[in-house]
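Below: the structure, in structure tokens.
Values in this text are rule-based calculations from the coordinates and carry no lab data. The shown structure was predicted, so the numbers you read here are calculated from the model rather than taken from an experiment. Methodologically, a virtual Cβ is constructed for each residue, glycine included, from the backbone with ideal geometry; neighbour enumeration extends over all protein chains shown.
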Ligand code: DC
């Protein structure tokens, strides 16, 4: 049997609280936080700026050859990771609801997934990574040692997203965010490649009625025996 990889995957639908949870788990374990959604958002921005027709996979593929994207670790467990596109810091620009919709759309393009999956595997190959997204447990890191899948009622997810966007200073309409959440759910769950779903060996956590800190606690409790074992081996 091949060896398990020292990676924690946290997948789930939009607005479920993955980013906050993943940042906190990474902070507590001193692992590196890998936000794969930020990569899809940045590629969405990149292709949009180039005015590429997303239905022309040859053109998309050629433009991805020129993609210069870098991820820099977050400064603390409250901050987003920093994404550079051709040297420009696009971390804030990619966080709008409109960019989320574009990311969801480009994420269904096979060449985009191939490119980003490969980059994510390179970033995770040394281990000690908390990877967050839609397919990190199923496709990117199938041999991850610990896998989690978070879910929550769509209304509650939309409410959390509204709160998060307002904290970032954006004016948003709740009904519109709920509609976008449902539309992204549909795109992400129904696409042909790497759809959003729980890995068979993922621990599922229903988060509708529990706080972020309780989710983090559940995850840390689950992984702590393995972390303690490793510390003892050092
Ligand atoms: O997690 P997020 O909201 O930043 O993700 C934006 C979009 O990117 C999401 O709607 C689908 C896509 N995505 C994906 O297809 N696979 C991932 N591993 C992460 C994100």
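Need one word for the range 170-217: rounded, prolate or oblate. Basis is the Cα gyration tensor (sqrt eigenvalues a ≥ b ≥ c); a/c below 1.5 gives rounded, then a/b vs b/c decides. Taking the square roots of the gyration eigenvalues as a ≥ b ≥ c, the range 170-217 is oblate.
A Förster distance of 25 Å, applied to the separation of the beta-carbon atoms of residue 167 and residue 4, puts the FRET efficiency at 0.10. For the chain, modelled as a GNM whose springs connect Cα atoms under 10 angstrom apart, the maximal fluctuation among 64, 150, 50 occurs at 50.
Could you give the length gained on full extension between residue 114 and residue 101, defined as 0.36 nm per residue of separation minus the Cα-Cα distance, in nm? Mind dumping the intermediate values first?
Details: separation 13, 0.36 × 13 = 4.68 nm, distance 1.96 nm.
Length gained, residue 114 through residue 101: 2.7 nm.
Based on C-alpha pairs under 8 angstrom that are at least 6 apart in sequence, the chain has a relative contact order of 32 percent.
When the chain is treated as a Gaussian network with alpha carbon springs shorter than 10 Å, the biggest mean-square fluctuation among 133, 86, 169 belongs to 169. Springs between Cα atoms under 10 Å define the GNM used for the chain, and in it the highest mean-square fluctuation of 170, 119, 143 occurs at 170.
Arrange 210, 94 by Cβ neighbour counts within 10 Å, fewest through most, would you?
Working: 210 14, 94 23.
Ordered from fewest to most neighbouring Cβ atoms within 10 Å, 210, 94 come out as 210, 94.
Spin-label model, residue 175/residue 193: points 7 Å from Cα along the beta carbon direction are separated by 3.8 nm. Take the Cα of residue 65, go 7 Å toward its beta carbon, and none of the backbone nitrogen atoms of the range 108-130 fall under 11 Å from that spot.
Kindly rank 70-83, 99-112 from highest to lowest mean number of other beta carbons found within 10 Å of each residue. Display every interim value, and only then the final one.
Details: 70-83: 14.4, 99-112: 20.1.
Top to bottom by mean Cβ count within 10 Å: 99-112, 70-83.
Residues within the reach of a label modelled at residue 226 (point 7 angstrom out along Cα to beta-carbon, backbone nitrogen below 14 Å), restricted to the range 113-131, are 127-131.
Considering only beta bridges that DSSP places wholly inside the chain, some 25 percent are antiparallel.
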